[in-house]
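The values are calculated or read from the model by the stated rules, or taken from the named source; none is laboratory data. From a predicted model like this one, the values you see are computed outputs, not experimental measurements. Glycine also receives a Cβ, built like all others from the backbone with ideal geometry; neighbour counts cover every protein chain displayed.
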Amino acid sequence: SGDEWGPSQPISGDHWPAPDAADLTVGAGPPLSSLQPGPAGPPPIGPPLPSEPPRQVFVPAPEELGDPAVDDRLPPFLPDPEPAAALPMAHGPAPAPRPPAARPHRIDRRRLAVVYDIEGPRVRLGVAWFVGAMLATLISPFTAAAVYAVAAGLAGRQIARAWGITNWQADMAAGLAGVPVIAALGGTPMLVGTLGVAAVAAVGSSLAPDGARMRGPGGRLAAAGILCLTAVPAIGCGAFVLVRQDSVIAAVVLLALASAYEAADYIVGSGASNPLEGPLAGITTATLIALPLAQLLVEPFDTAGVALLAFAALAYPFGQILASAVLPGAGAPASALRRIDTLLLLAPLWAVAAGAI
């Protein structure tokens with residue numbers, strides 16, 4: 001009431017009590033301890049002086065803090081990285097699935113053996129070779145020489161590659177084995193002379209700066225020997241051309257008997273448990289086919305007689321063994337050589353029996 005505060009007086013700064021310095025607060029106005037009723041009148045009426053706004057502190061939620069025991073090096077406020085967006089699929093057909101890995105081929109390291117390659121369409125390739133060789137034999141000696149020259153050249157190159165000589169020497173080996181077969185069209189002297197030239201060329205190529213097979217004094221001798229081995233297919237194929245030059249019937253009988261032996265040997269020997277079943281099956285089959293021809297005195301049995309059957313029975317498998325002997329291992333890859341290996345000894349024998357040599 002007015003009695004407590006005294007008579008009404010105008011409010012001025014003179015009626016404010018002197019504040020204590022200890023009670024002063026920045027921006028808080030006069031201390032409450034100084035606002036005592038007295039004759040000076042009531043406290044001032046009006047809005048308080050402006051003060052500093054309170055500070056806001058961000059406190060993250062507990063689930064955003066993470067586990068400091070896992071990794072305390074990163075601040076807890078970083079959001080989880082977004083997963084990388086998947087790359088857009090390329091337009092077009094889906095890539096074809098990879099074919100199953102080929103079964104590893106175990107290489108036969110025996111030096112002398114009759115081997116059977118069962119990977120791939122071997123039967124169809126054998127039939128195709130027989131048909132092509134038979135047609136070439138029936139047409140003319142030139143077509144027969146062309147077919148067997150290609151086969152001998154491929155076989156010579158495969159022998160060289162199996163021994164690991166240089167590429168240019170392997171290409172040269174194809175010529176050393178193929179050219180004498182063509183030269184056989186000129187007769188036995190041409191075949192023998194060309195084989196001699198091939199031997200000289202083999203020795204000369206080993207003297208080239210990079211012609212050595214290996215380091216050391218025996219490297220060049222080894223290279224010369226390998227190149228001479230590549231001419232072995234030319235002996236069998238050249239002898240076949242000589243037979244064809246002398247008699248088409250003798251050449252057809254030779255090819256038929258060799259093919260019969262190879263077919264029976266492959267069918268039986270590829271699944272046999274011992275190395276004798278295949279050659280024995282081949283010898284039996286070829287002999288059963290040749291026996292009626294010998295009784296009918298079909299060339300060359302008209303001059304050689306039935307005794308040729310016994311010599312042929314030995315020549316069939318030993319030609320295969322000779323093919324293994326010119327390779328570093330019986331299982332070395334040489335498909336062209338295996339296609340003509342039966343003729344390596346059988347064809348020269350047939351040429352002698354037919355009187356072509």
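Quick rundown of the values:
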quantity	calculated
The range 270-287: number of residues that are buried (at least 21 other Cβ atoms within 10 Å of the Cβ) and within 32 Å of the chain's Cα centre (by Cα)	1
Test: Ala231 is under 32 Å from the mean Cα position of the chain (by Cα), small (Gly, Ala, Ser), over 25 Å from Leu346 (Cβ atoms) and surrounded by 16 or more Cβ atoms within 10 Å (Cβ to Cβ)	no
Qualifying positions in the range 158-193 - within 13 Å of Ala239 (Cβ to Cβ) and either surrounded by 21 or more Cβ atoms within 10 Å (Cβ to Cβ) or of a type in the set (D, E, K, R) (or both)	Pro180, Val181, Ala183, Ala184, Leu191
Set Gly164, Gly153: member being at pLDDT 95 or above and under 23 Å from Asp210 (Cα atoms)	Gly153
Qualifying residue in the range 287-297 (condition: touching a residue at least 12 places away in the same chain (Cβ under 8 Å) and not in a helix (DSSP H, G or I))	no
Condition met for Ala315 (in a helix (DSSP H, G or I), closer than 15 Å to Ala239 by Cα, free of Cβ contacts under 8 Å to residues at least 40 places away in the same chain and not acidic (Asp, Glu))	yes
Failed item, numbered, when Leu221 is tested on (1) at positive phi; (2) under 38 Å from the mean Cα position of the chain (by Cα)	(1)
